[in-house]
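K.L.:
Dumping the structure here so I can ask a few things about it.
The values are calculated or read from the model by the stated rules, or taken from the named source; none is laboratory data. Quick caveat: nothing in here was measured; it's all calculated off a predicted structure. Quick reminder, even Gly has a Cβ in these numbers, built from the backbone with ideal geometry, and neighbours come from all protein chains shown. For the accessible areas, the whole protein counts, side chains as well, though only heavy atoms, and no ligand, DNA or RNA atoms are used. Shrake-Rupley method; radii C 1.70, N 1.55, O 1.52, S 1.80 Å.
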Amino acid sequence: MNRAGREFPPGGTNCRVRAVERVAQVRGLEKRYGGRLVLKGIDLEVPRGSAYGLVGPNGAGKTTFIKVLLGIVRASTGEVELMGRVPQDPRSRASVGYLPERLTLPEAWTPVAWLRSVLRLKGVSGDPAALLEEVRLDPEAHRRRMGGFSKGMKQRVGLAGALAGAPQVLVLDEPTDGIDPIGRMEIRELLAARVREGVTVFLNSHLLAETERLCDHVAILGGGRLLVSGALADLRSQGAPRARFEPRPDLPELCARHDLHPVEGGWAARDATPETMSRALAGILAEGAVLRELTEPASDLEMVLREAVEAEAA
Ligand code: ATP
């Protein structure tokens, strides 16, 4: 871990300028629980003002990553920096709003009373009712005990807590878990508005369509490793074009002879270049095969995720 107050990476003015352009930077992060390595050498930068989605299968290490980033658990190895400081420095979290994966709200309290205490603990001013309106909690529920609340209502209250004090960075672990589709849309619009205002959103979600609509950057974790990361537009355009042909018994040999290999949904060139694909297609078609479809490379997050996880497993 780097020491409190040390620049990351160490250096002069340029480093200082770069440090404010990203809200988080992680290098060589490993986290071990007992003998088990659950984060395996993660390198990641979260640019300021981005909407960054963290996705991956169950148990991939997403929540653990967030906990390390916020200083809730310590990294076993590696360097972690949040807002230019080590996560153990409370100043790193001064302008961060956090919604944990499983927030336990005091059942006997009302949302207004709970938010008052959140505002007091954060040392910021704010109007609980305005925060609750922002997350669209029915005004009738503002002063009701939370014990009888639905999961979605509790999520909204938790999110209001994360928004308290107008933080520059929002770290949200499954923020729309339990919220109905219309509610999810409302939350997404609320978060998108924050991003437009310059707030950085770091979001862990299993809802790929939602992540895709909100986020401009994505990281895919699988088995504790960072499989893919970067701007969503770049990730979508990666991958090989794939061809589908009319079935014929010798298709596998024909494709193999022209350097195409089987992939999900068709045949692709190993080096994924359009040139190799064009050459292969010309050869295969000249031998009488009939092309049914030529598809774009990975075009949505689901495909990017599936390809990343399959490549890791291969
Ligand atoms: P999900 O999508 O299911 O929420 P995740 O990607 O957030 O999963 P984590 O909750 O970070 O995954 O868990 C990663 C691994 O670390 C899991 O195998 C989990 O069992 C293990 N783990 C998490 N917290 C602890 C802990 N406190 N002690 C021991 N092991 C833990």
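K.L.:
For region 188-214, which residues satisfy the criterion of being closer than 22 Å to residue 93 by Cβ and either within 16 Å of the ligand (Cβ to nearest atom) or open to solvent by less than 50 Å² (accessible area, probe 1.4 Å) (or both)?
P.N.:
190, 191, 194, 195, 198, 199, 200, 201, 202, 203, 204, 205
K.L.:
So, in region 112-157, of the ones that are hydroxyl-bearing (Ser, Thr, Tyr) and not in a helix (DSSP H, G or I), which residue ends up most open to solvent (accessible area, probe 1.4 Å)? So that I can check it myself, show each step before the final result.
P.N.:
Of region 112-157, the ones hydroxyl-bearing (Ser, Thr, Tyr) are 117, 125, 150.
From the residues that got through so far, the ones that are not in a helix (DSSP H, G or I) too are 125, 150.
On the way: 125: 106, 150: 59 Å².
Per the criteria, the residue is 125.
K.L.:
Given the options 100, 47, name the one that is within 16 Å of the ligand (Cβ to nearest atom) and either closer than 25 Å to residue 190 by Cβ or surrounded by 18 or more Cβ atoms within 10 Å (Cβ to Cβ) (or both).
P.N.:
Exactly one residue qualifies, and that residue is 100.
K.L.:
For region 60-71, state whether one or more residues are within 13 Å of the ligand (Cβ to nearest atom), within 17 Å of residue 228 (Cα to Cα) and not in a helix (DSSP H, G or I).
P.N.:
There is at least one residue in region 60-71 that is within 13 Å of the ligand (Cβ to nearest atom), within 17 Å of residue 228 (Cα to Cα) and not in a helix (DSSP H, G or I).
K.L.:
While we're here: Answer yes or no: is there a residue in region 164-178 that is touching a helix residue (DSSP H, G or I) at 6+ places or on another chain (Cβ under 8 Å), open to solvent by 30 Å² or more (accessible area, probe 1.4 Å) and farther than 20 Å from residue 120 by Cα.
P.N.:
Taking every residue of region 164-178 in turn, at least one turns out to be touching a helix residue (DSSP H, G or I) at 6+ places or on another chain (Cβ under 8 Å), open to solvent by 30 Å² or more (accessible area, probe 1.4 Å) and farther than 20 Å from residue 120 by Cα.
K.L.:
Say we look at region 171-203 and pick out the residues that are among the aliphatic types (A, V, I, L, M) and without any contact (Cβ under 8 Å) to a residue 24 or more places away in the chain; which of these is nearest to residue 24 (Cα to Cα)?
P.N.:
Applying the filter and picking the extreme gives 193.
K.L.:
Here are the criteria: (1) open to solvent by less than 50 Å² (accessible area, probe 1.4 Å); (2) at pLDDT below 95. Tell me which single one residue 94 does not satisfy.
P.N.:
Here residue 94 meets the rest and fails (1).
K.L.:
Shifting gears a bit: Please go through region 161-175 and pick out each residue that is more than 14 Å from the ligand (Cβ to nearest atom), of a type outside the set (Gly, Ala, Ser) and in a loop (DSSP other than H, G, I, E, B).
P.N.:
Matches in region 161-175: 167, 168.
K.L.:
Hey, does region 77-90 have a residue that's within 30 Å of residue 36 (Cα to Cα), open to solvent by less than 60 Å² (accessible area, probe 1.4 Å) and of a type in the set (Ser, Thr, Tyr)?
P.N.:
The answer is no, given that none of the residues of region 77-90 is within 30 Å of residue 36 (Cα to Cα), open to solvent by less than 60 Å² (accessible area, probe 1.4 Å) and of a type in the set (Ser, Thr, Tyr).
K.L.:
I need a count of the residues in region 286-298 that are open to solvent by less than 70 Å² (accessible area, probe 1.4 Å) and out of contact with any Asp or Glu (no Cβ under 9 Å at 6 or more places or on another chain).
P.N.:
Looking only at that region, the number is 3.
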